[in-house]
Amino acid sequence: DAGVIQSPRHEVTEMGQEVTLRCKPISGHNSLFWYRQTMMRGLELLIYFNNNVPIDDSGMPEDRFSAKMPNASFSTLKIQPSEPRDSAVYFCASSFYDEQFFGPGTRLTVL
Amino acid sequence: AQKITQTQPGMFVQEKEAVTLDCTYDTSDQSYGLFWYKQPSSGEMIFLIYQGSYDEQNATEGRYSLNFQKARKSANLVISASQLGDSAMYFCAMREPGTASKLTFGTGTRLQVTL
């Protein structure tokens, strides 16, 4: 079975550009999570969805960040405009009940 | 607010020895879940083991076991017979009840297995 799929795996962009990260959760999972990992702040939950509905977006750092889940098999995290401090690894995870299964992550570098 | 504390930033263990990674948590809820994840240098997050607050037995998964002491609010991970491939960051996490599996993570422990 395929795990959580994220694309791109690496993204390098310039400050001010729009960045879109994509995630395909494991089929049958009803919850989806977006995390950001940095050396300074560790692993932070940005937002999570349950049955495609955003439940808690309190971790989204500011209005430049937005996330959507138009259907059960796809989610996006968008940063517009991007800033150097957004450089991090962004993980998507999905779950059905307890265990969250993580994707490989997207390493974002904003120059 | 839930809180997870991992007090060991780094640990060393010799190959084939057992090692315990500490995790304490703070919650006023009666129902919660505790998780351990492994993050090797390649960066992926790998689920290892889960313990429910009402589980009477300590969870075990192969060489991984969870030493769950509810009264002390600790959920230490025990890795038996360490292997070189166990070298990684290990994160403890807690599920907040009624939140569709929202997890709060600790800061992690870096384990280095030596020959």
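The values are calculated or read from the model by the stated rules, or taken from the named source; none is laboratory data. Computed from a prediction, not measured in an experiment: that's the story for all the values here. When we count neighbours, we look across all protein chains shown, and the Cβ atoms used for this are built from the backbone with ideal geometry, even at glycine.
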Inset, instruction - Would you point out the residue of segment A:10-55, among those that are of a type in the set (Ser, Thr, Tyr) and surrounded by 12 or more Cβ atoms within 10 Å (Cβ to Cβ), that is nearest to A:Ser66 (Cα to Cα)? - result: A:Thr20
Legend entry - Enumeration of residues in segment B:61-99 that are among the small types (Gly, Ala, Ser), within 14 Å of chain A (Cβ to nearest Cβ) and farther than 25 Å from B:Gln30 by Cβ: B:Ala88
Inset, instruction - Could you list all residues from segment B:43-60 that are within 14 Å of chain A (Cβ to nearest Cβ) and either of a type in the set (Val, Ile, Thr) or in contact (Cβ under 8 Å) with a residue 60 or more places away in the chain (or both)? - result: B:Ile46, B:Ile49
Inset, instruction - Hand me the list of strands (runs of 3 or more DSSP E) wholly inside segment B:26-92 holding 1 or more residues that are within 22 Å of A:Glu44 (Cα to Cα). - result: B:33-39, B:46-52, B:74-79
Legend entry - Test: residue in segment A:99-110 that is more than 11 Å from every other protein chain (Cβ to nearest Cβ), assigned to a strand (DSSP E or B), within 15 Å of the chain's Cα centre (by Cα) and more than 17 Å from B:Ala93 (Cα to Cα): yes
Inset, instruction - Identify all residues within segment A:22-33 that are under 12 Å from the mean Cα position of the chain (by Cα) and more than 12 Å from chain B (Cβ to nearest Cβ); write none if there are none. - result: A:Arg22, A:Cys23, A:Lys24, A:Pro25
Inset, instruction - Among what's in segment A:88-111 and is free of Cβ contacts under 8 Å to residues at least 40 places away in the same chain and not aromatic (Phe, Trp, Tyr), pick the residue that is surrounded by the most Cβ atoms within 10 Å (Cβ to Cβ). - result: A:Glu99
Inset, instruction - Could you grab me the full set of residues in segment A:35-90 that are of a type in the set (Ser, Thr, Tyr), outside any strand (DSSP E or B) and more than 14 Å from chain B (Cβ to nearest Cβ)? - result: A:Ser73, A:Ser82, A:Ser87
Inset, instruction - Look at A:Gly16 and say whether it is touching a residue at least 60 places away in the same chain (Cβ under 8 Å) and either part of a loop (DSSP other than H, G, I, E, B) or touching a Gly at 6+ places or on another chain (Cβ under 7 Å) (or both). - result: yes
Inset, instruction - Would you check which residues across segment B:101-115 are surrounded by fewer than 18 Cβ atoms within 10 Å (Cβ to Cβ) and either modelled with pLDDT of 95 or more or within 14 Å of chain A (Cβ to nearest Cβ) (or both) and list them? - result: B:Thr107, B:Arg110, B:Gln112, B:Thr114
Legend entry - Matching option when the condition is closer than 22 Å to A:Phe102 by Cβ and either more than 10 Å from the chain's Cα centre (by Cα) or surrounded by 15 or more Cβ atoms within 10 Å (Cβ to Cβ) (or both), among B:Ser80, B:Ser53, B:Ser31, B:Ser42: B:Ser42
